[in-house]
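Novice: Can you keep this structure in mind? I'll have questions shortly.
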Amino acid sequence: MTGFAKWGLSPFLALGIQLAIVVEGRLPAPETVFGFAPGADYKLATYDQVVEYFKKVDAASDRVTLVEAGKTTQGRRFYFALVSSKANLAKIDRYREIARRLAHPDGLTDEDALRLAREGKPFVHIDGGLHSTEVAGPQHTPRLLHEIVSKADTPDMSAILDNVILMLWPTINPDGHQMVAEWYMQNAGAPQTNAQFPGLYQEYVGHDNNRDAYMLNMIESRVMEHTWREWEPQIIYVHHQSAPFPTRIWLPPFAEPIAAHAPYLMSREINMIGMAIAMELEERGQVGATHMGSGYDAWYPGYIDYLPVFKNIASFWTETAGGLEPRDSTINDFPVNMRDLRPRTLYSSPWPPGTWRMHDQVEYMTTASLGVLEFASKYRESVLLNRYRSGRDQIVKGRTTPPYAYFVPRLQRDPVAAVELLRRLAFSGVRISELTMSAQVEGEALPPGTWAITADQEFAALLRELFEVQKYPDFREFPDGPLDQPYDAAGWTLPLAMGVRVIAASAPMPSGLKNSLRPLSASIAFTAKPTAYNSGSIAERSAFDSVPGIGFDSSQSAAAIVPTPGLTGSGTVLALDPAQNNTFRAINRALAAGLDVQIASDSGELRYLIPGLSDQDQDHLVTSLALVAERTSATGRSLQRPRIALFDVPTSMDAGWTRWVLERYGFDFALVTAADIAAGALAGVDVLLVTDEPRGMAARVAVATSPVQALDAFVRSGGTLVCLNRSSSFAIDQLNLPVKNVVASLARDEFFTGGSLLQVRADVSHPIMAGMPADAPVFVLNSPAFETREGFRGTVLARYADTGSPLLSGYLLGEKYLNGKAAALDVEHGSGHVVLIGFRPQWRGQPFGTFRVLFNAALFGSQDIRRSEGSNRR
């Protein structure tokens, strides 16, 4: 029986093709679809071709069922193949029910769990990766599928198929796979094929598609999360390609440090799987596997291939040596300390110099995948039981170890930001409740309706990892040497980054209070049929949501968490607070509709006013965007709609994230290149935004005289140039600003922050800082710190404290270099302004608490808004 008949989720192939394959009774080889074998030199199969092959195998084999999981940003369909024995696929509903029950162990006894584990079959997710310029991953999946199905009746493979249900994804980035493969096949063998792919290979985010796992901003991230909650696999394996040269494949155990709240049992299981893969490779004579090292730590939970660990899944990645085309290496290419080819404890079989081809990459990946399947088969019962045990232990920990719960008041500076945070957690499987009675928690009176998240639940490790403050350990490469810096972020504490006040309960809740909690998360229907995430239709998504598509409303649990809009006062003018991000949606809607938008400053605090709306229109705007607003009779200065341009760096993830954030909040902007600037494009622009581009801006503008002159003339004649983070250096140097980045020349053993949250004191009377708290967390990553010089005219928008450490979460070495220095400046330059924002206000779409800095800066091109800051010049 094919997957089409069983699930009704995949579109039919042409009937004649299906019948021909079935009648012939032969399993098609990949080359019959691609015209070449997977791994052939100078060849890449596209996503469409790989899916076509999966469909043909589905039609030809009773060991394969193809399932649709959802759609991508560009509208392609996600597929995965269920690969197992015919008998297992016939009972797939029962095995999925067992997997989901073991994943959510509350109410199960150890005896119940053992009985289910003995009956069940582990689900193992394996995919072709998501970083689409790491091209061998999606070439190995058809190779793996053919290897399994063609040998299904051999004793070894039959045992695997009897004991395991494989969820095999061609790739988990279909759009990128298609784009990169098409680009390569148009240029195969040409010099540019060794260059960078000329764009982002996933809409907006490119390589950062592996950094969105807890925020779920991208549609693709939500497709994966939705599928995992419906199937609850026990193992997730994602392929990558950047093994440290000259090793051929990097495997777990991870480098130090691993995440503080990674469940112990899952960490042990991941280590075992890594060693099992290494054994499989050695048995096949595939040398060069290594472990740990110094580059592949698992500290950051944002990876899509690591975050499932916090849900008690053995989730991990490997890194296979890559390369689009054959590469020859000699011993002289090796690092000096590796030329002796000496076996090491975690690099037992050194790879000798030679030629490394796409075929080798595909074969190593295929072996690694088979090693995972063999592990799951041999330890079937333990793999299933460990999912239960790890979740059970998290529940026990939540009842015996503080914090016992987290409470989120509805009254927030930005009430929607709290909902954005909680909806993401609920979509991820964390259960949210609300108080039905008043309570005293940590000395604070909390009213009914306050959101509550108890820690005695199976996914509580995720809650702790995201809510608690990170303290990145001080690892040194050698005594008194520089920090062994984190591979990614060091601190990300979401309540701080998103500007959400959260109260951690250090004492257990009284039983009466706990029993009074009203669950907002829907009860889990273990036997419910699986559905594709965004292939159906939902009549209307919540307008206040920041994410595109159907957002979080497809989850009953997430959809139950809604903000409470509030409209008070009387009058014909609607007053909006810039502390609420959705205020800027309202402003942009009004400006786009040609309405008058005004700025008013009351007691030093800026508000936006929208006069002329009917009561009904005011109600609709406030309700749809879940705003807390006031009707008033106040008046202000009219805001001209600024003409905004974003400097276009096609390969920049930070520019992509900036586009995403601006679009989500209704900003209209144009993209301009250096050539556009030189050609006079800024004549029609009020504000030019330049994202965190340490090389992009300099390489594209500073090397050419005319764009720099055009930029200087643009600002001097009244324009606003906004530079985020490292792009500030370009503006300082090229426009000769009286500003110095005081940390630019410091060595890493003197000053280092990594990606961390630091506290700054904001000048909230300035329009760019409007809506910010006076003491504000900001996310820094390779960020500057400014000192003003003689001749400076302008305003210090935010500065670090004169003494003490500004570190809130993550890691900071060399706090003395920040003391008293500016974190953001408004520099007057001629008749215009250069705004230097020395942090990442929109980093990966995460710091909702600083989005408004970007938004205010984008509006700062209006001459009227500048008039409100004239008294603050320094």
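Novice: Full-extension gain between residue 746 and residue 32, please, as 0.36 nm times their residue separation minus the C-alpha to C-alpha distance.
Specialist: In short, 251.2 nm is gained.
Novice: For the chain, what proportion of DSSP beta bridges, expressed in % and rounded to the nearest 5, is antiparallel?
Specialist: Here the antiparallel bridges make up roughly 60 percent for the chain.
Novice: Report the calculated FRET efficiency for residue 355 and residue 775 (r = Cβ-Cβ distance, R0 = 51 Å), to the nearest 0.05.
Specialist: Computed FRET efficiency for residue 355 and residue 775 comes out at 0.30.
Novice: Step through the residues of the stretch 678-693 one at a time and calculate ³J(HN,Hα) from phi using the Karplus curve (6.51 cos²θ - 1.76 cosθ + 1.60, θ = phi - 60°), rounding each to whole Hz and writing x for Gly and Pro.
Specialist: So the Karplus estimates, Gly and Pro as x, are 4, 7, x, 5, 6, 4, x, 10, 9, 9, 10, 9, 10, 7, 5, 10 Hz.
Novice: A follow-up question, please. Roll a 1.4 angstrom probe over the protein heavy atoms and tell me the percent of accessible area of the chain that is carbon or sulfur.
Specialist: About 50 percent, which is the carbon plus sulfur part of the accessible surface.
Novice: Kindly list the residues of the stretch 604-645 that lie in the label zone of residue 589, defined by a backbone N under 15 Å from the point 7 Å along the Cα-to-C-beta vector.
Specialist: Under 15 Å, as judged by backbone N against the label point of residue 589, lie 609-630 of the stretch 604-645.
Novice: In whole Å, what are the Cα extents of the stretch 183-265 along the three principal axes, biggest one first?
Specialist: 48, 35, 21
Novice: Relative contact order for the stretch 430-558 using alpha-carbon pairs under 8 Å, separation at least 6, rounded to a whole percent?
Specialist: Relative contact order for the stretch 430-558 comes out at 27 percent.
Novice: At 222 nm, what value in deg cm²/dmol follows for the chain if DSSP H runs of at least 4 each add -39500 (n - 2.57) and the sum is divided by all its residues, to the nearest 500?
Specialist: -9500 deg cm²/dmol
Novice: Same structure again: Please go through the residue pairs 56/378; 91/121; 740/821; 91/151; 91/529 and name each one whose alpha carbons sit more than 18 Å apart in this structure.
Specialist: 56/378; 91/151
Novice: Within the stretch 550-571, name every residue whose backbone N is under 13 Å away from a label modeled 7 Å from Cα of residue 522 along the Cβ vector.
Specialist: 552-561
Novice: Please list 461-471, 503-513 highest first by mean number of surrounding beta-carbon atoms within 10 Å per residue.
Specialist: Packing proxy ranking, top to bottom: 461-471, 503-513.
Novice: Another question about this same structure. At a Förster distance of 35 Å, what's the computed FRET efficiency of residue 790 paired with residue 671, Cβ-Cβ distance as r, to 0.05?
Specialist: Calculated transfer efficiency: 0.40.
Novice: Any idea how far apart residue 411 and residue 284 come out in nm if each label point goes 7 Å out from Cα toward Cβ?
Specialist: 6.3 nm
Novice: How much length is gained if the chain between residue 706 and residue 112 is pulled fully straight, taking 0.36 nm per residue apart and subtracting their Cα-Cα distance, in nm to one decimal?
Specialist: That pair, residue 706 and residue 112, stretches by 206.4 nm at full extension.
Novice: Accessible area per residue for the chain in Å², computed with a 1.4 Å probe and the full protein assembly in place, what is it?
Specialist: With all protein chains present, the chain gives 35 Å² per residue.
Novice: Residue 73's amide H: which non-local residues (gap 5+, or another chain) put their own amide H closer than 5 Å, with H modeled 1.01 Å from N in plane and none for Pro or chain starts?
Specialist: Distant-sequence amide H within range of residue 73: 220.
Novice: Moving to a separate point now. If the chain between residue 256 and residue 345 were fully stretched, how many nm would it gain, using 0.36 nm times the residue separation less the Cα-Cα distance?
Specialist: Using 0.36 nm per residue and subtracting the Cα-Cα distance, I get 30.4 nm.
Novice: Size of the stretch 47-101 along its principal axes in angstrom, Cα-based, largest extent first?
Specialist: Each principal axis gives a Cα extent; for the stretch 47-101 these are 34, 28, 10 Å.
Novice: Right, next: GluC sites (Glu not before Pro), restricted to the stretch 773-834: which are DSSP loop and have at most 15 other Cβ atoms within 10 Å?
Specialist: Here the GluC sites (Glu not before Pro) that fit, given the DSSP loop and packing criteria, are 790.
Novice: Can you tell me the FRET efficiency between residue 330 and residue 568 if r is taken as the Cβ-Cβ distance and R0 is 51 Å, rounded to the nearest 0.05?
Specialist: Given R0 = 51 Å and the Cβ-Cβ separation, E is 0.10.
Novice: Right, another one. Quick one: which residues, 5+ away or cross-chain, put their amide H under 5 Å from the amide H of residue 239? H built at 1.01 Å from N.
Specialist: Excluding prolines and chain starts, which carry no amide H, the hits are 127, 129.
Novice: Hey, how much of the P(r) for the stretch 483-564 falls beyond 23 Å, as a percent of Cα pairs?
Specialist: So the pairs more than 23 Å apart make up 52 percent of the total in the stretch 483-564.
Novice: Quote the charge dipole size of the chain about the Cα centre in Debye, to the nearest 20; the model charges only the Cβ of Lys and Arg (+1) and of Asp and Glu (-1).
Specialist: The calculation lands at about 880 debye.
The values are calculated or read from the model by the stated rules, or taken from the named source; none is laboratory data. Computed from a predicted model, the values in this text were never measured in an experiment. Glycine gets a Cβ as well: all are built from the backbone with ideal geometry, and neighbour counts include every protein chain shown. Surface accessibility is based on the protein's heavy atoms, side chains included, excluding ligands, DNA and RNA. Shrake-Rupley method; radii C 1.70, N 1.55, O 1.52, S 1.80 Å.
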